[in-house]
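The values are calculated or read from the model by the stated rules, or taken from the named source; none is laboratory data. Owing to the predicted nature of the structure, the values given are computational and were not obtained by experimental measurement. Cβ placement follows ideal geometry from the backbone for every residue including glycine, while neighbour counts extend to all protein chains displayed.
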Amino acid sequence: MASVSAIISSMIKDSPPGDLASFKEDLHVILGESKVDNPEKIVSSSLEEYQLEEDFQLVPVKGTNELVSKYNKDGVKFSGDGVKFGYDFSKDKAIDIETAETESGLSSLAASFEEYVSSHFPSSYKSYVSRSSTGKIVLIAVDLKHNDANYYNGKWQSVYEFDETSGKLNGLIKVKIHYYEDGNVVLATKSQVSETTTLGNLVAKIQSVENDFELDILTKFSRLNENLFKNLRRQLPINRSKVQWGKSIKNYKLGQDVAGGRD
Amino acid sequence: MHPLTSSEDLLSSVDKPLKVQRCQETGKNYLTCDYNRDGDSFRSPWSNKYYPSIEDEAEAPHPSKVLRQLEQYANDSFDIYRDLYYEGGISSVYLWDQDTDVDESGSVEFAGVVLLKKEIDANTKDAGSWDSIHVFEVVPGSGKSAAYKITSTVILDLSTEDNSDNSIYLSGNLTRQTEKSQTYTDSNSHISSIGSMVEEIESKLRNMLQEVYFGKTRDILGDLRSTQDIEVTKSERNRQQEVVKGIQGL
């Protein structure tokens, strides 16, 4: 049997965007009834790892959104625009905020990426540009849309690494959408990016990659609708009339695999 | 969302896809759920026997004699429904007595569940499954009128996967409750009423699922990221409004 922490981390991976607080409460209820030692610790360490590595957080710092991810982690703190801050993973808020000089030498790229992100992501967003320890340029866009009034939440996260010398752009776009009016529906999609471009064309390339990603989803949606959904259950029987329930139902000639799907 | 108070709440509020079991006596497949379960075995709607076999079949819960006849009639009817709408898949209906054993008059209350399942593996990339669960109650009242109450859930999973880093999963469920009063003639006529109700509910749910899975999620994706420049879209909209105002002012 899988270990408790493995089960917890797989539940965290499947969790819908938004509603983190109620999700954590549910986990504590489940673990509270189990005989697991120190359940709080299992939840918080799994969540912390997931948020640093895979599901980056937006946190308000001095009135603007800042990012919590492994990419801008600097010691125990995170670096943002002119600030450094700690992050309390259990309360989802910034702590120990201090002003700091954050000069990556990429300010003009950061400005043009910010301009692109602000003109395509209407909700609560953050763009981030920095140089990684291996010398690559890292670009991150995170966007959150919480609309509990209309029963949905969504999150977009794209992360790119650009190698100036080879011109290689690698990245991963991930989107999770949760719709929960009279039910529960999740769209979870991701797409790996592998392109070649120049520094001057970098932001334009990302824009076209992200447009293509959205258009590709729509193409795949129509395929899923036509090839799968429509063949699961018909809208009407092939004779276009509703079933005659009652004794006369015996008059129907069943298909070849009458009675319960013999295989 | 409401916070849970116990893990039992969680288990009972999670809708899991239905599992398939083989009836050894008839060679037919059937669907399993809590309502046909006894320990680790499940009663077949085709033979009325539990599989994997249990030591004392007679001790395990079975419907009363008349209700079992009604259950067979319901299974035959829904098998035709399944064939007409699903063109494949599996259906199973289970009925259970409430306080008093059911008789043929139709005046005794009972309950049941209708299960339908279909899976498709279209090609190596795309896969889909549909599970519907309709739990119902038949409550005969005064005169020849009965109240029918159905709680319906459809679990729909659709996916396409080029590899683990290029994938789309659309999965979830929709639930709705339906109540109706209708006249009946005998116990068999309750099955006809449940049948037409399930047929109508599934058609409605199918439309809702299509709208939510392909329409709503697409709209929300557009809310997250706009393929058009937001400023450009805004100024175009303003310009259109100016034109409309201009025309109205003429």
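Among the residues making up region A:224-251, those that are in a helix (DSSP H, G or I) and more than 7 Å from chain B (Cβ to nearest Cβ) are A:226, A:230, A:247, A:248, A:250, A:251. Screening residue A:21 against (1) closer than 27 Å to residue A:98 by Cβ; (2) in a helix (DSSP H, G or I); (3) away from chain B (no Cβ under 14 Å) leaves a single unmet condition, (3).
Evaluate the following for residue A:7: is it among the hydrophobic types (A, V, I, L, M, F, W, C), assigned to a strand (DSSP E or B) and surrounded by fewer than 18 Cβ atoms within 10 Å (Cβ to Cβ)?
Details: among the hydrophobic types (A, V, I, L, M, F, W, C): yes; assigned to a strand (DSSP E or B): no; surrounded by fewer than 18 Cβ atoms within 10 Å (Cβ to Cβ): yes.
Against the criterion (among the hydrophobic types (A, V, I, L, M, F, W, C), assigned to a strand (DSSP E or B) and surrounded by fewer than 18 Cβ atoms within 10 Å (Cβ to Cβ)), residue A:7 does not qualify.
Of everything in region A:105-145 that is in a loop (DSSP other than H, G, I, E, B) and more than 23 Å from the chain's Cα centre (by Cα), the residue that is surrounded by the fewest Cβ atoms within 10 Å (Cβ to Cβ) is A:133.
What strands (runs of 3 or more DSSP E), lying completely within region B:73-187, carry at least 2 residues that are under 13 Å from the mean Cα position of the chain (by Cα) and more than 9 Å from chain A (Cβ to nearest Cβ)?
Of the strands (runs of 3 or more DSSP E) lying wholly inside region B:73-187, those with at least 2 residues that are under 13 Å from the mean Cα position of the chain (by Cα) and more than 9 Å from chain A (Cβ to nearest Cβ) span B:110-121, B:126-140, B:145-163, B:166-183.
When residue A:161 is tested against (1) within 11 Å of another protein chain (Cβ to nearest Cβ); (2) in a strand (DSSP E or B); (3) in contact (Cβ under 8 Å) with a residue 24 or more places away in the chain; (4) in contact with a Lys or Arg (Cβ under 7 Å, 6 or more places away or on another chain), only condition (1) is not met. Of everything in region B:42-63 that is surrounded by fewer than 18 Cβ atoms within 10 Å (Cβ to Cβ) and among the polar types (S, T, N, Q), the residue that is farthest from the other protein chains (Cβ to nearest Cβ) is B:53. The residues in region B:220-250 that are out of contact with any Asp or Glu (no Cβ under 6 Å at 6 or more places or on another chain), at the interface with chain A (Cβ under 9 Å from one of its Cβ atoms) and at pLDDT 80 or above can be counted, and the count is 9.
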